[in-house]
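To keep things clear, I will list the structure first and then write my remarks on it.
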Amino acid sequence: MPGHAIDTPLLHGRTILVTGVVTTGSIAYGVASRAVEMGAEVVLTGLERDLEQALAAAVTLGIDTVIPYDATGPDAGEAVVAAIGSRVGHLDAALHAIAFAPRAALSGDMIGVDPVGLEKAFRTSTVSYAETARILQRLAPASGGSLVGLDFDAAGAWSVYNWMGVCKAGLESLNRYLARDLGRVGIPVCFLFSDLSRAVTGEILHVDGGYHAMAAPLRRTTTGEPAR
Ligand SMILES: NC(=O)c1ccc[n+]([C@@H]2O[C@H](COP(=O)([O-])OP(=O)(O)OC[C@H]3O[C@@H](n4cnc5c(N)ncnc54)[C@H](O)[C@@H]3O)[C@@H](O)[C@H]2O)c1
């Protein structure tokens with residue numbers, strides 16, 4: 001693997017924002033735990049109401065702070081940028097592990113669910129991905145950063161999951177639009193040779209700088225930047 005000494009942990013020297021840790025059972029906790037093992041400095045955010053629990057999980061990883069973050073709050077991302085900026089200065093990557101939907105939106109009929117709850121579900125589970133992207137964009141070095149979200153197959157209708165499936169379909173689409181707007185996302189291909197990719201099997205992984213996700217070729221300016 002060019003540029004990576006064999007005995008250096010894969011994420012050595014990288015600073016990663018992990019959202020969505022509540023307990024040691026959270027998916028985000030598993031990611032944070034692996035990232036710490038692989039040498040990363042991990043910064044955690046959590047909902048105010050969950051902070052005590054989140055901190056209890058964090059200390060098991062040797063992390064003593066969880067930055068409060070309600071992804072639906074106005075300008076909440078600004079406070080996170082300021083807190084991370086003063087603590088660690090920059091970010092190389094961010095994990096979005098934020099989702100919520102009212103119980104009535106997760107099963108039963110699609111029709112007749114309170115639209116206020118659906119708006120909250122979409123704002124929390126889908127729109128917040130763009131907010132996480134903005135935090136990363138503000139703190140990433142000029143060489144760029146990696147943004148990762150957690151999806152559940154939104155290609156078809158399941159017997160349950162309902163409006164969260166719709167939110168995840170939105171998340172997938174938003175991911176493509178963010179790839180367009182944020183430009184090239186550096187993916188270390190050496191990832192495929194590491195243990196981290198053990199669960200990736202039977203999968204087609206596009207390594208084309210995001211070209212397959214664009215519905216039409218992007219117009220370029222004379223400097224090579226995507227045109228606005
Ligand atoms: N558990 C699964 O089987 C599964 C499967 C596929 C995808 N996912 C996805 O993985 C991610 C994590 O889910 P999980 O199962 O670990 O736990 P979870 O569903 O409990 O995690 C959701 C997280 O979102 C946070 N959250 C909710 N509202 C928020 C807000 N307004 N602002 C900031 N944070 C908020 C919660 O505090 C919690 O940490 C979610 O995106 C979920 O959809 C989970």
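The values are calculated or read from the model by the stated rules, or taken from the named source; none is laboratory data. All figures in this text were calculated on a predicted structure; none of them were measured in a lab. When we count neighbours, we look across all protein chains shown, and the Cβ atoms used for this are built from the backbone with ideal geometry, even at glycine.
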**Q.** Count of the range 160-174 residues which are within 14 Å of Glu131 (Cβ to Cβ) and surrounded by 20 or more Cβ atoms within 10 Å (Cβ to Cβ)
**A.** 1
Q. How about the range 9-32: which of its residues are farther than 25 Å from Gly77 by Cβ and within 16 Å of the ligand (Cβ to nearest atom)?
A. Thr24, Gly25
**Q.** Sole residue being of a type in the set (A, V, I, L, M, F, W, C), more than 14 Å from the ligand (Cβ to nearest atom) and farther than 28 Å from Ser197 by Cα, chosen from Ala82, Ala40
**A.** Ala82
Q) What single numbered condition from (1) surrounded by fewer than 18 Cβ atoms within 10 Å (Cβ to Cβ); (2) more than 26 Å from Lys120 (Cα to Cα) fails to hold for Thr23? A) (2)
Q | Candidate set: the range 137-170, residues that are modelled with pLDDT under 95 and near the ligand (Cβ under 10 Å from one of its atoms); chosen: the one nearest to Arg14 (Cα to Cα) | A | Gly149
Q.
Here's a check for you: in the range 107-129, which residue that is within 11 Å of the ligand (Cβ to nearest atom) and aliphatic (A, V, I, L, M) is nearest to Ala140 (Cα to Cα)?
A. Val127
Q) Any idea which residue in the range 56-72 is farthest from the chain's Cα centre (by Cα), counting only those that are among the hydroxyl-bearing types (Ser, Thr, Tyr) and over 26 Å from Ala101 (Cβ atoms)? A) Thr60
Q. So which of Asp92, Asp75 ends up being within 19 Å of the chain's Cα centre (by Cα), more than 15 Å from the ligand (Cβ to nearest atom) and either among the basic types (Lys, Arg) or more than 21 Å from Arg198 (Cα to Cα) (or both)?
A. Asp92
